[in-house]
Amino acid sequence: MLPEKMEESMGPPEEAETLEGVDSSSLVWHYWQRGFTLFFEIDLMKRFCCVEIDSGADASLWGQAIGPWTEGAAMELFRKNGFDDFQEEKEDWGEKRITSDAAMVDMYFVQGNMVCLNYSVVLPDSLTLLSIN
């Protein structure tokens, strides 16, 4: 989805910025009050590529409200939906990251509770798993 179409659906962002990466650049739209951030890949014609969702946001995955999830609840939901290929890593800033490459998701936890979920989108347009209200 292009930023213009996303803005029709979500409204204008509260803050926008461009992040310069090693391999690519991203347009980043922050919706602080609603608890999520949208990323658009500039090198791919500004196509929507991922969303970072705070655990308190009004959003769902597979029909389940996102957060507050414990590690166990998150892992159970992903396993129930056919994903069991997890990698875990402790980040330098202290959060624990649990990644599923197959599900294209990174979940970040502090003391066993999820603080945010980063969901990458490379799915057919007809498949809707994620809903942000």
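The values are calculated or read from the model by the stated rules, or taken from the named source; none is laboratory data. All figures in this text were calculated on a predicted structure; none of them were measured in a lab. Neighbour counts run over all protein chains shown; Cβ positions are idealised from the backbone, glycine included.
Tabulated data
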item: Filter result for Thr37 (out of contact with any Gly (no Cβ under 8 Å at 6 or more places or on another chain), under 15 Å from Tyr108 (Cβ atoms), modelled with pLDDT of 85 or more and polar (S, T, N, Q)); result: yes
item: Filter pass, Phe109 being surrounded by 12 or more Cβ atoms within 10 Å (Cβ to Cβ), part of a strand (DSSP E or B), touching a Lys or Arg at 6+ places or on another chain (Cβ under 7 Å) and not assigned by TED's automatic domain parsing to the domain that holds Pro12; result: yes
item: Among the residues listed as Leu77, Leu38, Leu19, the single one being over 13 Å from the mean Cα position of the chain (by Cα) and assigned to a strand (DSSP E or B); result: Leu19
item: Of all residues making up the stretch 67-84, the number that are aromatic (Phe, Trp, Tyr) and more than 22 Å from Gly35 (Cα to Cα); result: 1
item: All positions within the stretch 51-74 that are assigned to a strand (DSSP E or B) and at pLDDT below 90; result: Ala59, Ser60, Leu61, Gln64, Ala65
item: Residues (touching a strand residue (DSSP E or B) at 6+ places or on another chain (Cβ under 9 Å), surrounded by fewer than 13 Cβ atoms within 10 Å (Cβ to Cβ) and in a loop (DSSP other than H, G, I, E, B)) located in the stretch 90-106; result: Glu91, Gly94, Asp101
item: Identity of the residue in the stretch 22-35, surrounded by 12 or more Cβ atoms within 10 Å (Cβ to Cβ) and more than 20 Å from Leu117 (Cβ to Cβ), that ends up nearest to the chain's Cα centre (by Cα); result: Leu27
item: Which numbered condition Gln87 misses (of (1) more than 21 Å from Trp32 (Cα to Cα); (2) part of a strand (DSSP E or B); (3) in the same structural domain as Leu2 (by TED's automatic domain parsing)); result: (3)
